[in-house]
1. Give me the base-10 log of I(q)/I(0) for the range 1-145 at each q in 0.14, 0.17, 0.22 Å⁻¹, Debye formula, one uniform scatterer per Cα, rounded to two decimals.
2. Output wanted: per-residue J couplings in Hz (rounded whole) for the range 26-35, from phi through Karplus 6.51 cos²θ - 1.76 cosθ + 1.60, θ = phi - 60°, x for Gly and Pro.
3. Which value in deg cm²/dmol, rounded to the nearest 500, describes the helix-derived mean residue ellipticity at 222 nm for the chain, given -39,500 (n - 2.57) per DSSP H run of n ≥ 4 and division by the residue count?
4. Residues with amide H under 5 Å of L159's amide H, sequence separation 5 or more or different chain, H placed in the peptide plane at 1.01 Å from N; which?
5. Scan the chain and note any complete DSSP helix (H) whose C-alpha atoms cover at least 20 Å along its axis and whose Kyte-Doolittle average is 0.0 or more.
6. Identify, among V163, A17, T32, the residue whose Cα sits farthest towards the positive end of the charge dipole of the range 2-163, taking +1 on the Cβ of Lys and Arg and -1 on the Cβ of Asp and Glu, with the dipole about the Cα centre.
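Each reported figure results from applying straightforward, stated rules to the coordinates on display, with no laboratory input. For clarity, every value in this text was computed on a predicted model and none was experimentally measured. Neighbour counts are summed over all protein chains in view; Cβ atoms, including those assigned to glycine, are modelled from backbone coordinates with ideal geometry.
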Amino acid sequence: MRVYVPTTLNALALAHAEGPLGVAPLRAYAVTPALREWYLSDDIEELEYAALVRAAQSSLRLLAEDAKAPRRRVVVALDVPDRAVQLRVDAEHEHSAELGAVTLTEPLLLAKAAAVHADADEAGVREDVAAAAEAVAAADGGDEDARFTVDGAEDHELLWYAVQEIPGLLS
């Protein structure tokens, strides 16, 4: 199963140096039954993109928790065995941002990643992402102005990086 693990550049650098991409259980996003039902599409590429977008939103929450992390959303895409993925059914219907949320029950190695997705290293993107990280908690609480700010970050597409490009991404 393809999963999308939200992270930050700081955490990616640590995984690049040490190998593991966090400690299980680890939050991720995938094409789940509830995401399929909500998105109303059978196109797997569209569904995977929807899971990637949710992981990018979760990366904003990680940025909000880590003031020292560069203001760029980062998502690692991996293919994992189905047995390593636990559906988070309780969260799937509470909030649309939780659609596609899964828990990874086995440790993951960054070397096994299919790709890394990250924001461009451009001033305008970093400013929008920084503002969105500051606003994400208020947006989750229903503040419409904050939601508009978070949506501004989502206007920026994440770039695709091959695993061998991680050192350049981190520099």
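1. Once normalised to I(0) and log-transformed, intensities are -0.65, -0.97, -1.46.
2. 3J(HN,Hα) across the range 26-35, in whole Hz: 10, 7, 8, 9, 7, 7, 9, x, 5, 5.
3. On the way: 7 runs with 77 residues, N = 171.
Result for the chain, helices only: -13500 deg cm²/dmol.
4. A118, D119, A120
5. Numbers: long enough: 44-65 (32 Å, 0.33); 123-140 (25 Å, 0.55).
TM-like helix candidates: 44-65, 123-140.
6. Working it through, the farthest residue towards the positive pole turns out to be A17.
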